[in-house]
Amino acid sequence: MTEFLNLKTKYPDLIPIRMDFECGPGWEKVLDKYFGEVAAALPSETRLRLERVYEKYGSLWVDAMPEGPVANLVHLALDKAEVLADSRSYRYCETCGEPGGLRDKHWLYVACEAHANGAPLSRQTNAGSNSTVLPTNMMGPGLGRCHTEGETSD
Ligand SMILES: [Zn+2]
């Protein structure tokens, strides 16, 4: 779905050249952070077995494990990088990378206002959010319609 050539160039040891990322290009920053953390955690002689990078239930999922035996600490660090990538992906539009939030419109996806397709922010992600994206509520156009069309009810 997305090639992420910049990331493949930046992390040639971590990402197989034929890897097909099953998520949108907006998550490049999130993946860049993820691979940076993995590169820092992985011992230099150990390779990463990157199996799948995909979008599921709106957020970013990574299936990866160290190739060969590593210390428990390394496993923990990779797990942590995965969890952080998942949680960061909720804040960036999957399409363009601008600040966004989880939308719920028949299915879940993360989008900025421009790519939201009219879907409001899903309420669960708003708690404690200090982002610039505010939920659009009843202030939209259309409320004045009954005054302009002469649709009197009696
Ligand atoms: Zn967007």
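Every number here is computed from the coordinates shown, using simple stated rules; none is lab data. Since the structure is predicted, the reported quantities are computational estimates derived from the model, not experimental observations. Every residue, glycine as well, gets a Cβ built from its backbone with ideal geometry; the counts of neighbours run over all protein chains shown.
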Checklist entry - Is it the case that the stretch 8-24 has a residue that's under 15 Å from the mean Cα position of the chain (by Cα) and among the polar types (S, T, N, Q)? => result no
Checklist outcome for this item: Quick count over the stretch 47-70, residues being in contact (Cβ under 8 Å) with a residue 24 or more places away in the chain, surrounded by fewer than 16 Cβ atoms within 10 Å (Cβ to Cβ) and not basic (Lys, Arg), is 2
Item to check | Matching residues in the stretch 99-122 - criterion: being out of contact with any Gly (no Cβ under 9 Å at 6 or more places or on another chain) and part of a strand (DSSP E or B) | outcome: 99, 101
Next on the checklist: Looking at the stretch 99-111 only, could you name the residues that are out of contact with any Phe, Trp or Tyr (no Cβ under 8 Å at 6 or more places or on another chain) and within 11 Å of the ligand (Cβ to nearest atom)?
Outcome noted: 109, 111
